[in-house]
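K.L.:
One structure follows; several queries about it will come next.
Read-outs: derived from the displayed coordinates by stated rules, not from any lab. Keep in mind the model is a prediction, meaning the values are calculated, not measured. A quick note on method: Cβ atoms are made from the backbone with ideal geometry, for glycine too, and the neighbour counts reach across all protein chains shown.
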Amino acid sequence: MTLSRRDFLKLGALVTASAALASCAPIYRRLAGDLPSVPWQAMNAHDFLALNRLTFGSRVEERAHFAEIGLKAYIEEQFAYDSINDFDCEILLSSFKTLKMDANELEGISNQLFENYDREKVPNELRQATLLRQLYSKRQLYEVMVEFWSDHFNIFIEKGNGFYLKTVDDREVIRKHALGSFRDLVWASAHSPAMMIYLDNQANEKSHPNENYARELMELHTLGVNGGYSQQDVMELARCLTGWNVKEHFWLGDFVFKADIHDTGEKKVLGLTIQPADQSEAEQVIEYLVTHPSTARFISTKLARRFIADEPPQDIVEKATQTFLDTQGDIQSVLRVILLDGLSLAQPKYKRPANFILSSLRMLNAESDAAALHDYLLRMGQLYFNWPTPDGYPDRSIAWQGNLMPRWQFAFEYIRDEIKNTKHNLKALLDVSATGSLTGDVDALASLLLGAPLERGIRDELLASIRSADANSEETLLIVAASLIASPAFQWR
Amino acid sequence: MFTQVMPTWMPRLSFAPVNAAPRGDTLIVVFLRGAADVLNMVVPHGEDAYYQVRPSLGIPRPDDPHSKKENRALDLDGFFGFHPSMRSLIEVWQSQQLAIIHACGAPDESRSHFKSMELMERGVDDESGPASGWIGRHLASLNTGNTSPLRAIGMGTRPQRSLSGSVPVSALRSITDFHLGGDAHALQQMRSALNAVYQNDVMGQDTLTIMDTLEKLDPLTYAASRNAKYPDTEFGLALKQTAMLIKAEVGLEVSAIDVGGWDTHFAQGSVLGQMPNLMKDLADGLAAFHADMLDHMNQITMVTMSEFGRRASENGSLGTDHGHGSMMMVLGGNVNGGKVHGEWPGLGEGQLIGPGDLAVTTDYRDILSEVLQKRLNNLATAEIFPNYQPNIKNVLM
C-alpha cells in the first residue's frame with residue numbers, strides 16, 4: 001500500500017488527536033462538567049426551552065444555576081463573557097496553533113510546494129475548535145452568537161483560498177465582535193480577505209466590475225432583500241468597492257486597496273452622492289448601511305427568529321428594531337430586548353445537526369475531542385464552514401426535517417460508546433440520581449434529555465417495546481437513552 | 001409539552017415547490033480525476049497525425065498487420081476505436097446504449113486540475129458565480145416530492161463538490177455504513193424502540209422502512225443479475241452499491257462516483273501498463289453495471305467526464321502532459337448510442353490549440369443540459385449552468 005503525502009498528513013493528524021485526548025484526560029473530565037451532588041429535578045418546560053436557546057444544550061449544573069439566579073441575571077452574566085472563567089477550555093485549545101496564525105503563516109503551513117495545498121488541516125482545526133468551544137466553553141451565549149454571525153456572514157471555505165483565510169475571519173471578524181457593535185462587525189467583514197475571495201470582490205475591477213459582494217452586503221448583511229435598494233444601487237456600490245482586494249505577495253492574504261483598478265468616478269448609492277475618495281467611498285456607504293432602519297429591522301428579525309420562533313412576534317421585532325436604532329446597533333442591547341421580552345413567547349425549533357449532537361453530549365456530561373463529529377455533521381448536512389451559498393445554514397425548522405437516519409445512527413453509536421474519543425457519563429449520572437428502579441431511572445433520563453419525565457403511558461409503552469426485544473435492565477436503559485436522543489421530541493429545542 | 005415523545009406541535013413537512021415534476025432517470029456521474037488521456041481511450045485511428053504525435057504510446061490501427069491482434073484498437077465506426085483494454089464495452093456499444101462525445105470539455109484553459117475540476121463541478125465559467133455544484137442546483141431546483149435520505153449520494157468519504165447545495169446529500173462509503181450497527185440483539189431492541197417513539201410519524205416510518213431495506217443489503221453477498229462480475233476495486237464496489245440501491249428502490253436519484261489516478265505524466269503505458277489498467281477497470285465496471293442493470297436501463301443515465309484532456313504529443317517520459325479537449329461517454333436505455341458524437345477538430349498542424357492540445361468542439365454543459373432536460377425532467381438549466389446557453393446535440397432520444 002502506498003500512502004500519498006496527504007494521506008500521511010491526515011494519519012499524522014489523527015494520531016496527534018488521539019494522543020491529545022489520552023494525555024488531557026483530566027481536562028476533558030473537568031470540562032465535561034461536575035456530576036451533580038444531588039439528584040436533578042424536572043425542569044419547567046419554559047425554562048428548559050429558554051436555557052436551550054441560550055446554550056448548545058443545558059447541562060445539569062447550568063440548570064441549577066439558572067434556577068437560582070433567574071433569566072435576567074443569567075443573561076447579564078453571559079453578556080459579561082470576559083468575566084467568566086474559561087481557563088480549562090482555553091488550555092485545551094492552546095494546542096490548536098493555527099487559530100492564532102495570520103494569513104501568511106496559514107498559507108505557509110498549507111503549502112505543500114508545487115501548487116499542491118493541504119486543504120484539510122487548517123479548516124479541520126477550525127472546525128474542531130469551534131465544536132470544542134460550543135461543547136465546553138462556559139461562555140455559551142457568546143458561542144451561540146458566534147454561530148449566529150458565522151451564518152449571517154457565511155463563508156464557504158472550499159472556494160479559493162477561503163480554506164485558510166476563514167480562520168483569520170473567524171478570529172478577527174466574528175469572534176472579535178460577536179457581542180459588540182454591529183457596525184464594527186460589518187466593517188471588519190467588509191475588510192476581510194476571506195469574504196472578498198468568497199464573494200468575488202477580488203475580481204471587482206474598474207474595467208469589469210463584479211457585483212457579487214456589493215449585492216450581498218446590502219441583501220444579506222445589512223438592508224435585507226426588501227430593504228429599499230435597487231439594481232442601480234448594487235452597480236454603484238460595486239463601483240465604490242473596485243480595488244478592495246487581497247495581497248498576493250508579501251503579507252499574502254492581507255487586505256489591500258488597489259488604486260490602479262479602482263473606478264475613480266463619482267457614484268450615487270441609495271441617494272448619497274459619493275465623491276471620488278478611493279477606499280473611503282465604500283466605507284462611507286458602509287457607515288450609512290449599518291444604521292439604516294431597514295438594517296435595524298432585518299437584523300432584529302433574524303435575531304428574533306433565532307432565539308424566539310421561526311415566525312417571531314411582530315411587537316418584539318418592533319421594539320428590538322427601535323433599540324437597534326437608539327443604540328446604533330449595540331448587539332447586547334438588541335439581544336436584551338429579544339431575550340427578556342421574547343423568550344417567554346418562544347416556540348419550539350427543530351435542532352440543527354450541530355445542536356442535536358452537542359446537546360446530546362452536553363446533557364449527558366460527555367467527554368469528547370470532537371474530531372470524530374465532523375463525519376456525522378457532514379452526513380447530517382452541517383459540516384461547519386461548508387455551506388456554499390452566502391445565506392448561511394438555514395435557521396428555519398423546515399430546512400432540517402427529513403434526514404433522520406444519520407441522527408438515529410449517531411444516537412445509537414454514541415450511547416454504545418462507539419464514537420472515537422467520545423464517551424458519555426450516563427452511568428455516573430444515574431448513580432447520582434439513584435432512583436432504585438428502572439422506571440425511576442427512565443424518568444431521570446428523560447428529565448436530563450427532554451426536561452421532564454415521559455408521560456406514564458408513553459414510558460410504559462416504550463419500555464414494553466424494548467422488553468419485547470428481550471432486553472435486560474442494563475441494556476434497556478441504554479436503548480432508552482439512545483431512543484430518547486433519536487426521538488422526535490429531542491429533535492426539537 | 002416536553003413529556004410527549006411525539007410532540008404535538010411538530011409542523012408537517014411541506015416543501016414550497018420550486019419546479020415540481022416527477023423524478024426522471026437515476027443519474028450516475030463518473031468523474032475521472034486527474035485528466036484522462038482520452039486520445040488513448042477512444043483512439044482516432046483514422047487519422048495519420050495521431051501516429052505522428054504518438055510514436056511510442058499510439059495504439060495500432062484495428063487492421064495493422066504489423067502488430068498482434070490483441071494490441072490493436074477495437075474499431076467503433078471506421079475512424080475511432082476503443083483501446084484494447086476496454087474490450088468489455090464493445091458489447092454495450094453494439095447494443096446502442098453507449099454514446100461517445102469526443103473533443104468535449106470546458107472553455108477554461110488553465111490546465112490546472114484544481115481549478116478545472118472546481119469550475120466543472122460548479123458548472124461555471126470562472127471563479128465568480130454560484131459556489132454550489134451543478135448537481136446540487138439540479139436537486140434544489142426540482143421538487144420531485146422525494147424526501148428519501150438517499151435522494152443523492154456521493155460515493156466516498158465526502159460528497160463530491162458537484163453535489164453541494166441546499167439539499168442534504170449523503171456520502172456513502174459502504175451501504176453497511178448505513179446499518180445501525182451493533183449486534184443483532186441490540187439492533188432489534190433499538191429498532192423496536194424507534195418504532196415506538198415514531199409510531200405516529202410518517203417520515204420516521206419511511207426512514208425505518210429504508211433502514212430495514214438497507215439492513216438486509218450487503219455488497220459482499222450481493223448476487224448481480226446475468227452473473228455480471230464487478231471488478232474487485234473501489235470503482236467496482238461503488239457501481240455495485242449504486243445498482244443495489246436502485247434495485248432496492250430507496251429513492252436514489254443521483255449517484256456520484258470518482259475514479260482517480262488518471263494524471264499520467266510518466267510511463268502511462270501504451271497497450272499495457274498503469275493507464276490501460278485504469279481503462280480496464282473503468283470498462284469492466286461499466287460493462288458489469290450494464291449487464292446487471294439491463295432491465296432497468298430505461299430509467300438510468302450514466303455520464304463519464306474528466307476535467308480536461310492531455311497533450312496530443314507524448315512527452316519524453318512516455319507519458320502525456322496536461323492538455324485541453326476531453327471525451328464524455330453517456331450510457332443508458334435512451335441514448336443515441338453506437339455513435340461517436342461531436343465535431344472532430346483533428347490533430348494536425350493548425351488544428352491543435354495552445355501548446356498542442358485537442359480543441360474543444362462540444363461544451364460539457366451541452367451534454368449535461370440535454371440529460372437534465374430530456375431525462376431528469378429539469379428544465380431549469382439556465383439556473384444550473386448560469387450564463388450558458390446550451391446547444392442540444394441529440395445524444396439522447
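K.L.:
Of the options A:T321, A:I338, A:L303, report the single residue whose Cα projects farthest towards the positive end of the charge dipole of the range A:293-345 (beta-carbon charges: Lys, Arg +1; Asp, Glu -1).
P.N.:
The one lying farthest along the dipole's positive direction is A:L303.
K.L.:
OK, next. Quick query: amide H of B:Q96 versus all other amide H atoms, modeled in the peptide plane; which residues come in under 5 Å with a sequence gap of 5 or more or a different chain?
P.N.:
The answer is B:G338.
K.L.:
Right, here's the next one. Which whole number gives the average count of other chain Cβ atoms within 10 Å of the Cβ atoms across peptide A:404-417?
P.N.:
Across the residues of A:404-417, the mean count of other-chain Cβ atoms within 10 Å is 5.
K.L.:
Still on this structure: Could you derive backbone 3J(HN,Hα) for the range B:380-397 from the dihedral phi with the Karplus parameters 6.51, -1.76 and 1.60 (θ = phi - 60°), listing whole Hz in sequence and x where the residue is Gly or Pro?
P.N.:
Karplus values, whole Hz, x for Gly and Pro: 7, 5, 5, 7, 6, 10, x, 6, 10, 9, x, 9, 6, 9, 6, 7, 10, 6.
K.L.:
Right, something else. Go through B:Y222, B:W262, B:I153 and say which Cα lies farthest out towards the positive end of the charge dipole of the range B:153-276; charges sit on Cβ, +1 for Lys and Arg, -1 for Asp and Glu.
P.N.:
Ranked along the dipole, the leading option is B:W262.
K.L.:
I've got another one for you. In peptide A:442-453, what is the residue-averaged number of other protein chain Cβ atoms found within 10 Å of each Cβ? Spell out each step's value before the answer.
P.N.:
Numbers: counts 0, 0, 0, 0, 3, 2, 0, 1, 6, 3, 3, 2.
Average neighbour count from other chains, rounded to a whole number: 2.
K.L.:
Between B:A171 and residues 5 or more places away or on another chain, which pairs have amide H atoms under 5 Å apart, with H built 1.01 Å from N, and which residues are they?
P.N.:
It is B:G154, by chain and number.
K.L.:
Here's another thing I want to ask about it. Once you order the gyration tensor axes a ≥ b ≥ c over the Cα atoms, which shape class does chain B get: rounded for a/c under 1.5, otherwise prolate or oblate by comparing a/b with b/c?
P.N.:
The shape class here is prolate.
K.L.:
I would also like to ask the following. Using R₀ = 22 Å, calculate the FRET efficiency as 1/(1 + (r/R₀)^6) where r is the Cβ-Cβ separation of A:Q322 and A:D82; round to 0.05.
P.N.:
Details: r = 28 Å, r/R0 = 1.27.
Approximately 0.20, to the nearest 0.05.
K.L.:
Among DSSP bridges having both ends in the protein assembly as shown, what percentage is antiparallel? Round to the nearest 5.
P.N.:
Antiparallel: roughly 55 percent of the beta bridges in the protein assembly as shown.
K.L.:
Name the helices (complete DSSP H segments) of chain B with a Cα length along the long axis of 18 Å or more and a Kyte-Doolittle mean of at least 0.0, or state none.
P.N.:
Length and hydropathy pass: B:184-197, B:202-215, B:234-248.
K.L.:
For peptide B:179-191, compute the average count of partner chain beta-carbon atoms within 10 Å of each residue's beta-carbon.
P.N.:
6
K.L.:
Counting Lys and Arg as +1 and Asp and Glu as -1, each charge on the Cβ, what is the dipole of the protein assembly as shown about the Cα centre in debye, to the nearest 20?
P.N.:
Result for the protein assembly as shown is approximately 1240 debye, rounded to the nearest 20.
K.L.:
Could you run the Karplus curve 6.51 cos²θ - 1.76 cosθ + 1.60 with θ = phi - 60° over the range A:145-155 and give me ³J(HN,Hα) per residue in whole Hz, x for Gly and Pro?
P.N.:
Once θ is set to phi - 60°, the couplings for the range A:145-155 become 6, 4, 5, 4, 6, 5, 6, 4, 9, 4, 10 Hz.
K.L.:
Pop the C-beta distance of B:Q205 and B:A20 into the FRET formula with R0 = 22 Å and round what comes out to the nearest 0.05. Present the calculation step by step, with values, prior to reporting the outcome.
P.N.:
Values: r = 24 Å, r/R0 = 1.07.
Efficiency, rounded to the nearest 0.05: 0.40.
K.L.:
On a C-alpha basis, how far is the centre of the range A:295-312 from the centre of the range A:211-227 in Å? Whole number, if you could?
P.N.:
Here the answer is 17 Å between Cα centres.
K.L.:
Skipping prolines and chain starts, which residues have an amide H placed within reach, meaning under 5 Å, of the one on B:G133, given they are 5 or more residues away or on another chain?
P.N.:
Sorted by chain and number, the residues that satisfy this are B:S164, B:G165.
K.L.:
May I ask you to derive the FRET efficiency for A:T435 and B:R173 from their Cβ-Cβ distance with R0 = 41 Å, giving the value to the nearest 0.05?
P.N.:
Once the sixth-power term is evaluated, E becomes 0.50.
K.L.:
Would you mind checking the pairs B:K216/B:K247; A:K247/A:K267; A:K72/A:K319 and listing those with alpha carbons more than 23 angstrom apart?
P.N.:
The pairs that break the limit, which is 23 Å between Cα atoms, are A:K247/A:K267.
K.L.:
Among A:K351/A:K427; A:K100/A:K349; A:K351/A:K423; B:K69/B:K374, which pairs are too far apart, with a Cα-Cα distance over 29 Å?
P.N.:
Among A:K351/A:K427; A:K100/A:K349; A:K351/A:K423; B:K69/B:K374, the Cα-Cα distance tops 29 Å for A:K100/A:K349; B:K69/B:K374.
K.L.:
If you don't mind, there's one more thing I want to ask. Rounded, prolate or oblate: which one fits the range A:84-191, using the alpha carbon gyration tensor with axes a ≥ b ≥ c (rounded when a/c is under 1.5, else prolate when a/b beats b/c, else oblate)?
P.N.:
Cα axes put the range A:84-191 in the oblate bin.
K.L.:
Cα gyration tensor of the range B:81-158, axes a ≥ b ≥ c as square roots of the eigenvalues: rounded (a/c below 1.5), prolate (a/b > b/c) or oblate?
P.N.:
Note, shape of the range B:81-158 comes out oblate.
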